[in-house]
Amino acid sequence: EAAVTQSPRNKVAVTGGKVTLSCNQTNNHNNMYWYRQDTGHGLRLIHYSYGAGSTEKGDIPDGYKASRPSQENFSLILELATPSQTSVYFCASGAPVLYEQYFGPGTRLTVL
Amino acid sequence: GDSVTQTEGLVTLTEGLPVMLNCTYQSTYSPFLFWYVQHLNEAPKLLLKSFTDNKRPEHQGFHATLHKSSSSFHLQKSSAQLSDSALYYCALSEGDSNYQLIWGSGTKLIIKP
């Protein structure tokens with residue numbers, strides 16, 4: 001049974017629109033992460049969280065917000081989507097002691 | 001700052017030949033090293049990680065040895081299979097309270113019959 005799930009799996013948005021990507025984990029991990037993956041850039045960290053109520057900026061936070069309302073849920077919000085945000089977005093949860101991360105299936109976002 | 005370098009962006013091999021994907025790192029501390037594998041249209045998943053007890057990690061025929069003297073954690077397999085075709089990421093954790101992974105740029109491995 002999948003421990004990290006993401007919704008939607010595919011999303012087409014218009015420029016200037018608001019987009020919310022959702023992530024749910026049943027691993028009971030404190031840490032959660034949002035990455036985007038683009039050819040030639042690998043995985044880049046956007047935002048992360050140490051637990052409910054906490055959000056931290058990663059390496060490329062501009063244009064993105066994050067929300068962690070509970071241990072299980074972590075959302076990525078694009079208030080004003082732009083075509084440059086077209087990408088595949090992965091959510092991950094992490095076990096502090098093991099330093100490993102477990103990924104969701106990804107969301108393919110296209111901004112037209 | 002800490003960094004991970006994967007020098008090969010693309011490696012193409014014939015089935016049955018040995019595989020070696022390079023990973024070198026820079027770190028102020030004694031880090032943990034990881035290899036993640038991502039098959040087409042799937043999520044990255046942990047393949048193996050370095051241990052502190054000098055045991056060589058192995059999984060699905062792949063192994064890697066952490067060499068602190070050369071700051072390397074190369075991924076190896078004795079005989080490539082078609083199903084090994086995937087994107088491979090090397091990643092580093094400083095083992096501190098940051099809990100972030102520092103990622104290499106990835107190596108795409110294509111195995112041909």
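The values are calculated or read from the model by the stated rules, or taken from the named source; none is laboratory data. Nothing here was measured: the structure is a model prediction, and the numbers come from that model. Neighbour counts are summed over all protein chains in view; Cβ atoms, including those assigned to glycine, are modelled from backbone coordinates with ideal geometry. SASA here: full protein model, heavy atoms, side chains in, ligands and nucleic acids out. Shrake-Rupley method; radii C 1.70, N 1.55, O 1.52, S 1.80 Å.
Couple of notes before you dig in:
- Interface of A with B. Using a 1.4 Å probe and counting protein heavy atoms only, the two chains hide about 1700 Å² of accessible surface, both sides summed.
- Rolling a 1.4 angstrom probe over the protein assembly as shown with all protein chains present gives an accessible area of which 50% lies on carbon and sulfur atoms.
- Percentage of interatomic Cα-Cα distances in chain A larger than 16 Å: 55 percent
- Heavy-atom accessible area per residue - region B:3-112, 1.4 Å, Å²: 50 Å²
- Under 5 Å between amide hydrogens, built in the peptide plane, is the criterion, and for A:Ala66 it picks out A:Ile77 among residues at least 5 positions away or on other chains.
- Just checking the listed ones, A:Ser75, A:Ser93, A:Ser84: in the Gaussian network model of chain A with Cα springs under 10 Å, the one fluctuating most is A:Ser84.
- Residue pairs, from the table A:Lys11/B:Lys49; A:Lys65/B:Lys108; A:Lys18/A:Lys57; A:Lys57/B:Lys108, whose Cα atoms sit over 26 Å apart: A:Lys11/B:Lys49; A:Lys65/B:Lys108; A:Lys57/B:Lys108
- GNM remark for chain A: springs join alpha carbons under 10 Å apart, and the peak mean-square fluctuation among A:Leu78, A:Leu98, A:Leu45 falls on A:Leu98.
- Alpha-carbon centroids, region B:69-87 and region A:68-88: separation in whole Å: 33 Å
- Structural descriptor for region B:3-112: relative contact order 39 percent, calculated from alpha carbon pairs under 8 angstrom and at least 6 residues apart.
- The amide H of B:Ala80, built 1.01 Å from its N in the peptide plane, has B:Gly16, B:Leu17, B:Val19 as neighbours under 5 Å, considering only residues 5 or more places off or on other chains.
- Spin-label pair B:Ser70/A:Ser7, simplified geometry with 7 Å Cα→Cβ offset, distance in nm: 4.9 nm
- When only Cα pairs below 8 angstrom with a gap of at least 6 residues are kept, region A:13-112 shows a relative contact order of 34 percent.
- In Hz, Karplus ³J(HN,Hα) per residue of region A:59-76 (6.51, -1.76, 1.60; θ = phi - 60°; x = Gly, Pro): 7, 9, x, 4, x, 10, 10, 9, 9, 10, x, 8, 4, 7, 10, 9, 10, 10
- Normalised size of the protein assembly as shown, defined as Cα radius of gyration per 2.2 N^0.38 Å with N residues, equals 1.03.
- Low-density loop positions, GluC sites (Glu not before Pro), region A:62-111 - DSSP coil, at most 12 other Cβ in 10 Å: A:Glu79
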